[in-house]
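Worksheet: one structure, shown below.
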Amino acid sequence: MDHKAEAVVVTCIDFRLQEIINKWISKYLQPKTYDRVAWAGGVKNLDQILEQVEISQRLHHIKKVVLINHEDCGAYGQEDTAQKHAEDLTSAKTKIQEQFPNLETETYYLHLDGAFESL
């Protein structure tokens with residue numbers, strides 16, 4: 001059986017932001033059209049994220065990767081700055097585009113007030 005999804009959405013596990021992320025996803029993606037990966041730190045551990053993107057692409061033929069990191073991320077510890085998140089998201093996007101040139105990649109920095117900043 002062939003299963004298809006529009007995208008894979010990568011987020012942090014932080015419980016404080018799940019409702020905000022769920023509302024955003026429901027506004028921008030149709031129900032049952034995406035895979036979701038929640039990993040402490042979002043793209044901080046890029047090797048694990050790349051593995052999940054590969055699985056989602058291979059099994060569900062995704063067309064897009066959505067990467068969401070957030071403000072005040074405990075997994076980043078002392079490195080938790082908007083600049084570090086932007087660097088990591090940019091690096092993740094570059095690596096995904098190198099490994100999966102047919103996938104569109106979007107990156108966002110989520111502020112605690114619920115604002116999504118497109119990077």
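The values are calculated or read from the model by the stated rules, or taken from the named source; none is laboratory data. Because the structure is a prediction, the values reported are computed rather than measured. For neighbour counting, all protein chains shown are included, and Cβ atoms are generated from backbone atoms with ideal geometry for every residue, glycine included.
Restricted to the range 1-46, and to residues there that are over 10 Å from the mean Cα position of the chain (by Cα), aromatic (Phe, Trp, Tyr) and not in a strand (DSSP E or B), the residue that is surrounded by the most Cβ atoms within 10 Å (Cβ to Cβ) is Trp24. Given the condition hydrophobic (A, V, I, L, M, F, W, C), within 16 Å of Ile25 (Cα to Cα) and exposed (fewer than 13 other Cβ atoms within 10 Å of the Cβ), answer yes or no: does some residue in the range 103-113 qualify? No, that holds for no residue. Checking each residue in the range 68-100 for being part of a loop (DSSP other than H, G, I, E, B), touching a strand residue (DSSP E or B) at 6+ places or on another chain (Cβ under 9 Å) and among the charged types (D, E, K, R) picks out only Glu71.
Tell me, which residue of the range 60-71 that is under 12 Å from Ala7 (Cα atoms) and not aliphatic (A, V, I, L, M) is surrounded by the fewest Cβ atoms within 10 Å (Cβ to Cβ)? My answer is His61.
Conditions tested, residue by residue: (1) more than 19 Å from Lys93 (Cβ to Cβ); (2) among the charged types (D, E, K, R); (3) touching a helix residue (DSSP H, G or I) at 6+ places or on another chain (Cβ under 7 Å).
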residue: Asn22; (1), (2), (3): yes, no, no
residue: Ser26; (1), (2), (3): yes, no, no
residue: Gln30; (1), (2), (3): yes, no, no
residue: Ala40; (1), (2), (3): yes, no, yes
residue: Gln48; (1), (2), (3): no, no, no
residue: Val53; (1), (2), (3): no, no, yes
residue: Leu59; (1), (2), (3): yes, no, no
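Pairs meeting the criteria (first residue in the range 80-99 and within 19 Å of Val9 (Cα to Cα) and at pLDDT 95 or above, second residue in a loop (DSSP other than H, G, I, E, B) and of a type in the set (A, V, I, L, M, F, W, C), beta carbons under 8 Å, at least 6 apart or on different chains) are His85/Cys73; Ala86/Leu119; Leu89/Leu119; Thr90/Leu119; Ile96/Leu103; Gln97/Leu103. The residues of the range 72-84 that are surrounded by 18 or more Cβ atoms within 10 Å (Cβ to Cβ) and out of contact with any Asp or Glu (no Cβ under 8 Å at 6 or more places or on another chain) amount to a single one, Tyr76. All conditions but one from (1) part of a strand (DSSP E or B); (2) closer than 20 Å to Gly114 by Cβ apply to Val65; the one that does not is (2). Residue check: Gln57 meets all listed conditions (1) in contact (Cβ under 8 Å) with a residue 60 or more places away in the chain; (2) surrounded by 14 or more Cβ atoms within 10 Å (Cβ to Cβ) but one, namely (1).
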